[in-house]
Amino acid sequence: MPSKSFCIPSAPVSRLITRRGFLEKLGAGTVATLALLRELRADEPPATILPPTTTAPGTPPAAEDLLAAEEPFFADFARVFTIADEHKYLVASQKGSMPIPILRHFKEGLDQIARDPFPVYLEPSEVTRGKIAKGYGARPDEIAISRNTTDAISQILHGLDWRAGDELLCSTLEYPNCVATVLRVAGRFGLTVRQFGVPSRPDFSAEEIVDSARRRITPGRTKAMFFSCPAHPSGVAMPVRRLARLAQEHGIITVVDGAHYGGMFVPCLDETGIDFWGISGHKWQCGPGGTGILYARNAQWPANPAPLPRFYIVRSGDLDAPTDGSRPAGFDLGAALSLYGFPESADWRALGEVCEFWDQVGRERIQNYILALADYARARLVAAFGEEAMVQPCKDAELRSGIVAFNPFPRPEQRRDPKLCHEFQSRMIGECGFHVGCGGTGLKGLTRPPDPEAAAFFDSCIPNRDPETNQPTPDDIPFRTGTPAWCSRADMDDFVSACKVLVKKMGG
Ligand SMILES: Cc1ncc(COP(=O)(O)O)c(C=O)c1O
């Protein structure tokens, strides 16, 4: 087991650290860091083998092998952040941390703007969008810079060509900000909102999720499908491509909340077959707060050859952009959506730079490490508290993400006690030094009072539904941790030990 103190690992990246003074070079700024990482990539082809399947929630040996091979590299990667070494910060699902060189250049940008505030952009938006598009598997005209996921999803859902009576099909796992948008859009256009259940059971599979969604489609009336990947309350990575195919079979527009997708997964957006994505720049992607990515498919791709859906631009200062929702050939939608007022612009530039930084390190490498570490964390939690502690599907490899949802209390009534669970959350940080997320969306979900079915849900539960009957079927209150790439198995061990101690103290 690697120790938490810094050791001199044997991978080539570490040789560069010692020989060439990697950390000192950070002081030279982003360009030097990126150049150096380019050197790293040339020196050492990444171990990009991801085990194709994970079965039982134990640590698959392939994941253990990957972690053993990659931990030295990611120990060095961790040194590019100011994250404290003790009680590692694990909840990139709340907010990420900017890498030091990006942060420095960001601050320099703010200083530059303060000295001479006249220029609107430190870097033209098409340059930044080009950097993002490259790493996200999209064209620059499909990428807009938004303020965050909430903003992107709000623009997307308000921009569709709705007719009264249309149906909007959502998963049961949507984040409250976006639930608010769904309710607003439904109220404004007279839509019916339907839900498909995604139970947080360990053995729930991708196929069952697709079946659940299929059952709730009303042919000819379901206009759009909206879900998150990964979803906030349980961390399940919804089977994006399968759901995209299902939607296309029925002529349904797809909108995905990818708040946790960018920076965690290799985001080949044009290949997903999805029409619209809203992605956070400041969570797993580790850009500045208040940055996000809005993707709008702007061509007919092999994964989605459907004609482009009409899309009304809600926010743009572009006087020449169409006002009728059409998209003439050659129309740069990303540019139109990125033209609004006077941005700070240092944050935009930093978002582009952090995306480039991720590309340099290797998005596949980061993804594989995060997912393997999450497998490890799940295995440790299962070993400590049993499989019933997992509040997420975790046997189907397709559904795994770097968000680990669990509840370590042994008795069902404890796992459904909001007071006890919130106390655990505050004592985890107060006594053990670890932040954890707590709660599903409970009564803030899509089924809300005065809907009589809301009575079936309780505060902080995951307001789920049975995938066959659609009856309200609340899941236990989840706690969430995560496995950002600056962490190691030792950090996960510390975290699980802290949970064990605290559960015991709290009468578990
Ligand atoms: C699934 C999901 N969507 C949206 C958000 C809001 O993110 P943002 O700050 O990017 O708007 C969150 C925040 O945790 C989330 O978990």
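The values are calculated or read from the model by the stated rules, or taken from the named source; none is laboratory data. What you see is a predicted model, and the numbers here were worked out from it, not measured in a lab. Here Cβ is always computed from backbone atoms with ideal geometry, including for glycine, and neighbour counts include all displayed protein chains.
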Within segment 276-313, restricting to residues that are assigned to a loop (DSSP other than H, G, I, E, B) and closer than 15 Å to residue 137 by Cβ, the one that is nearest to the ligand (Cβ to nearest atom) is 285
So the strands (runs of 3 or more DSSP E) completely within segment 192-265 holding 3 or more residues that are touching a residue at least 24 places away in the same chain (Cβ under 8 Å) and within 30 Å of residue 481 (Cβ to Cβ) are 222-228, 253-258
Taking segment 382-423 and the residues there that are assigned to a strand (DSSP E or B) and in contact with a helix residue (DSSP H, G or I) (Cβ under 9 Å, 6 or more places away or on another chain), the one that is surrounded by the most Cβ atoms within 10 Å (Cβ to Cβ) would be 404
The condition of being part of a helix (DSSP H, G or I), within 16 Å of the ligand (Cβ to nearest atom) and closer than 30 Å to residue 367 by Cα holds, among 152, 144, 133, only for 152
Over segment 159-171, the set of residues more than 17 Å from the chain's Cα centre (by Cα) and either among the hydroxyl-bearing types (Ser, Thr, Tyr) or within 15 Å of the ligand (Cβ to nearest atom) (or both) is 170
**Prompt:** Would a scan of segment 178-189 turn up a residue that is basic (Lys, Arg), assigned to a helix (DSSP H, G or I), within 16 Å of the ligand (Cβ to nearest atom) and assigned by TED's automatic domain parsing to the domain that holds residue 299?
**Reply:** yes
Counted residues in segment 206-241 being crowded, with 21+ Cβ neighbours inside 10 Å and either polar (S, T, N, Q) or within 17 Å of the chain's Cα centre (by Cα) (or both) come to 17
Scanning segment 100-109 residue by residue, the ones that are surrounded by fewer than 17 Cβ atoms within 10 Å (Cβ to Cβ) and either in contact with a strand residue (DSSP E or B) (Cβ under 6 Å, 6 or more places away or on another chain) or of a type outside the set (Asp, Glu) (or both) total 1
Of 324, 270, 347, the only residue that is outside the structural domain of residue 72 (by TED's automatic domain parsing), part of a helix (DSSP H, G or I) and either of a type in the set (Ser, Thr, Tyr) or closer than 25 Å to residue 225 by Cβ (or both) is 270
Per the list (1) buried (at least 17 other Cβ atoms within 10 Å of the Cβ); (2) small (Gly, Ala, Ser); (3) within 30 Å of residue 98 (Cα to Cα), residue check on residue 244 breaks on (3)
Any chance segment 209-227 includes a residue that's within 16 Å of the ligand (Cβ to nearest atom) and among the charged types (D, E, K, R)? no
Do we find that residue 174 is within 16 Å of the ligand (Cβ to nearest atom) and surrounded by 20 or more Cβ atoms within 10 Å (Cβ to Cβ) in this structure?
yes
Scan segment 447-455 and tell me whether some residue there is of a type in the set (A, V, I, L, M, F, W, C) and surrounded by 19 or more Cβ atoms within 10 Å (Cβ to Cβ). no
When restricted to 128, 33, the only residue part of a helix (DSSP H, G or I), more than 16 Å from the ligand (Cβ to nearest atom), crowded, with 21+ Cβ neighbours inside 10 Å and modelled with pLDDT of 90 or more is 128
State yes or no: is residue 343 surrounded by fewer than 16 Cβ atoms within 10 Å (Cβ to Cβ) and either closer than 27 Å to residue 157 by Cα or not acidic (Asp, Glu) (or both)?
no
Out of (1) among the aliphatic types (A, V, I, L, M); (2) in contact with a Cys (Cβ under 6 Å, 6 or more places away or on another chain); (3) over 30 Å from residue 139 (Cβ atoms), the one residue 179 does not meet is (2)
